[in-house]
Amino acid sequence: MTLSVMTLNLWNNSGPYDQRKKLIRAWIDRLNPDLIGFQEALRAPDLDQVAALLAGTAYQIDFVRATSFWAREGTDFGNAIASRWPIIDRETAQLPDAGDGETRAALSVTVDAPVGPVSLTVTHLNWKLHHGWVREQQVMALCAFARRRRPPEGFPPILVGDFNAEPDSAEIRYVTGLQSLEGGSVHFRDAWRHHGDGSAGATWSNRNIYARTALEPDRRIDYIFAGPPLRNGIGMIEQCRIVCNEEESGVWPSDHFGLYAEFRIAPLE
């Protein structure tokens with residue numbers, strides 16, 4: 001038995017969104033994940049992008065605003081979570097910023113899963129390649145937030161999102177326990193590193209015509225992290241793969257590829 005998690009940057013409503021939306025929904029229907037973290041989701045009085053995307057499903061949805069959406073007045077740009085199970089608690093956090101108007105947030109929910117309460121936190125960090133120093137501040141706040149949100153003695157905390165940082169960056173090394181920052185350290189397991197297919201796992205890829213226009217190198221910047229499993233094996237990462245990475249008639253689901261992972265929810269025999 002497993003708990004399945006997906007993360008995807010929706011690229012807001014850019015590009016041919018009506019066509020992209022159909023491809024994203026087809027992936028979700030195919031994978032049928034228990035929990036989904038979305039980045040670059042839009043919400044306004046007359047718009048709920050994630051609710052529309054998941055129309056006709058039983059997912060419960062929550063959202064946090066990170067900033068105003070520059071392309072549509074009165075619209076919030078942020079992160080969302082969809083859960084197969086009831087959301088029984090939620091909390092948001094504003095993350096440190098550079099003071100330049102780019103603001104970021106995290107959303108954490110607790111869901112009433114069959115294995116007991118499970119916490120999922122979703123975020124989207126600063127995007128500029130030279131903003132590693134900002135992301136370092138953000139991951140320190142983010143990891144403390146996600147760890148605090150874990151139900152006592154419960155399922156390992158799950159942390160997903162678009163971190164805009166490569167695996168060997170200081171900020172990701174901090175998340176995975178390979179580097180300290182400001183005299184402190186944490187340890188989350190990187191699902192791709194533990195159970196990917198052994199490739200570099202680029203989620204920002206120049207195969208994708210929407211990413212190619214940015215003139216940036218291929219790299220892995222989207223992640224599913226989790227705290228170490230319980231001693232009985234509950235919470236072990238059992239698989240991780242890249243998803244939303246196929247085009248159809250020249251249309252890609254997003255400018256990012258997504259990730260999908262499964263976690264063990266039954267004790268080892």
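None of the figures in this text is laboratory data; all of them are computed from the coordinates on show. As the structure is a computational prediction, the values presented were derived from the model and not from experiment. A quick note on method: Cβ atoms are made from the backbone with ideal geometry, for glycine too, and the neighbour counts reach across all protein chains shown.
Structural remarks
- Single residue of the stretch 212-228 satisfying the filter (of a type in the set (A, V, I, L, M, F, W, C) and within 18 Å of the chain's Cα centre (by Cα)) that is farthest from E247 (Cα to Cα): A226
- Test: residue in the stretch 90-106 that is touching a helix residue (DSSP H, G or I) at 6+ places or on another chain (Cβ under 7 Å), farther than 22 Å from Y223 by Cα and free of Cβ contacts under 8 Å to residues at least 40 places away in the same chain: yes
- Among (1) without any contact (Cβ under 8 Å) to a residue 24 or more places away in the chain; (2) over 30 Å from A266 (Cα atoms); (3) in contact with a strand residue (DSSP E or B) (Cβ under 6 Å, 6 or more places away or on another chain); (4) not acidic (D, E), the one test that Q19 misses: (1)
- In the stretch 141-166, of all residues being among the basic types (K, R) and free of Cβ contacts under 8 Å to residues at least 60 places away in the same chain, the one that is surrounded by the fewest Cβ atoms within 10 Å (Cβ to Cβ) corresponds to R148.
- Of the residues making up the stretch 228-249, those that are farther than 18 Å from T203 by Cα and not basic (K, R) are P228, P229, L230, N232, G233, I234, G235, M236, I237, E238, S249.
- Filter pass, D48 being without any contact (Cβ under 8 Å) to a residue 60 or more places away in the chain, under 21 Å from Y223 (Cα atoms) and of a type in the set (D, E): no
- Check on S169, over 28 Å from D18 (Cβ atoms) and either in contact with a Lys or Arg (Cβ under 6 Å, 6 or more places away or on another chain) or surrounded by fewer than 21 Cβ atoms within 10 Å (Cβ to Cβ) (or both): yes
The rows are residues; the columns are (1) of a type in the set (G, A, S); (2) over 17 Å from A26 (Cβ atoms); (3) touching a strand residue (DSSP E or B) at 6+ places or on another chain (Cβ under 7 Å).
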{"position": "H194", "(1), (2), (3)": "no, yes, yes"}
{"position": "R212", "(1), (2), (3)": "no, yes, no"}
{"position": "R241", "(1), (2), (3)": "no, no, yes"}
{"position": "P253", "(1), (2), (3)": "no, no, no"}
